[in-house]
1. Under a straight-distance cross-link criterion of Cα-Cα below 21 Å, which lysines are reachable from residue 92, leaving out those fewer than 8 residues away in the same chain?
2. Just the C-alpha atoms of the chain: what Rg/Rh do they give, with Rh taken as the Kirkwood radius?
3. Quick check: pseudo-label points 7 Å beyond the Cα along Cα→Cβ at residue 271 and residue 68, how many nm apart are they?
4. Taking only C-alpha pairs under 8 Å that are 6+ residues apart, what is the relative contact order of the chain in percent?
5. With only alpha-carbon pairs counted, each pair once and no self-pairs, how large is the Kirkwood hydrodynamic radius of segment 126-258 in angstroms?
6. Return the single residue from 55, 105, 89 with maximal mean-square fluctuation; model: Gaussian network over the chain, springs between Cα atoms under 10 Å.
7. So between residue 113 and residue 42, what do we pick up on full extension, going 0.36 nm a residue minus the alpha carbon distance?
8. Residue by residue through segment 6-21, which ³J(HN,Hα) values in whole Hz follow from phi under the Karplus form 6.51 cos²θ - 1.76 cosθ + 1.60 (θ = phi - 60°), with glycine and proline marked x?
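Values quoted throughout were computed directly from the atomic coordinates according to the rules given, and no laboratory measurement underlies them. Remember, predicted model here, so these are calculated numbers, not experimental data. Glycine also receives a Cβ, built like all others from the backbone with ideal geometry; neighbour counts cover every protein chain displayed.
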Amino acid sequence: MLHFATQTWITDFSPPEKRGRRLSLYGLAFGLGFTVGPLLASLASVNEALPFFIGALLSLIGWVAVFSLPNEKPRPLERTSTAAGRWLGAWKGAWPALLLPFAYGFLEAAIHSVFPLYALDQRLSTEQIAFLLPCFSLGGILFQLPLGALSDWLGRRITITGALLAGAGCFLAAFAAGPSPVSLAICLFAAGMFTGSLFSLGIAYMTDLLPKALLPAGNLLCGMLYSLGSMIGPPLSGSAVDVAADAFFLAVSAVLLLPVLGLVKRRKQEKTA
């Protein structure tokens with residue numbers, strides 16, 4: 001609920017020329033939270049209740065900050081449309097952008113759950129795997145804001161298309177390089193640079209395409225498709241590893257190219273309209 005509410009508020013109140021940067025900051029905070037959050041568990045060795053106290057304190061800070069937000073209500077006209085109509089309208093209006101959270105969910109889940117199996121199959125040590133996994137997240141965290149700012153300046157569609165193609169190229173390079181820890185670290189970091197912002201860029205692009213009345217439905221669809229990608233990612237990429245270990249990178253690259261096809265088709269529709 002907090003995730004959906006935060007997305008809706010940021011997309012509603014961000015001007016178009018600053019939308020990419022603001023949503024990239026949201027993505028950065030999201031990524032940092034996932035990175036730092038598990039470290040709270042180690043504080044249980046100091047005091048068993050300490051992680052819960054810190055979680056409660058962070059919730060209290062968020063609760064206080066919410067009172068600074070305006071308490072807006074939907075316009076009366078916006079309430080007349082049916083729920084099914086809003087969902088269908090959001091999908092029709094922004095389906096290429098909605099494929100980006102799906103691709104990111106697939107990618108994130110596949111890397112954190114199936115990539116270690118690939119690495120073990122290639123005789124990499126657990127220490128090497130523990131070093132490789134954060135490389136992808138680090139690349140995404142460091143380049144969230146630059147890619148968001150670039151999308152404001154260059155345009156959302158061009159930036160997203162370039163990021164998807166570059167990300168797919170990085171995974172194909174990992175496929176060609178083989179199980180070298182140094183090569184894998186470089187490829188994963190570079191892939192994180194280009195694809196770590198897909199979720200926030202997808203939300204920004206979705207906001208560009210939809211009227212404000214459909215933003216709540218669009219944000220809900222983003223969350224649902226991200227979850228769907230997270231559910232499909234491990235079994236699909238795991239099946240690819242069963243066929244051939246290196247096929248993991250091919251499966252991930254193929255999923256990243258799916259939104260590219262959607263963007264190309266949307267572009268053709270806009271030209272013929």
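1. The qualifying lysines are 212, 265, 268, 271.
2. Values: Rg = 19.7 Å, Rh = 19.8 Å.
Looking at the chain, the ratio lands at 1.00.
3. Distance between label points: 4.6 nm.
4. Numbers: 341 pairs, mean separation 92.5, N = 273.
That works out to 34 percent.
5. Details: mean 1/r = 0.0632 Å⁻¹.
Mean inverse Cα-Cα distance, inverted, gives 15.8 Å.
6. Top of the fluctuation ranking is 55.
7. Working: separation 71, 0.36 × 71 = 25.56 nm, distance 2.19 nm.
In short, 23.4 nm is gained.
8. Couplings: 5, 4, 5, 5, 5, 5, 6, 9, 8, x, x, 6, 10, 5, x, 5 Hz.
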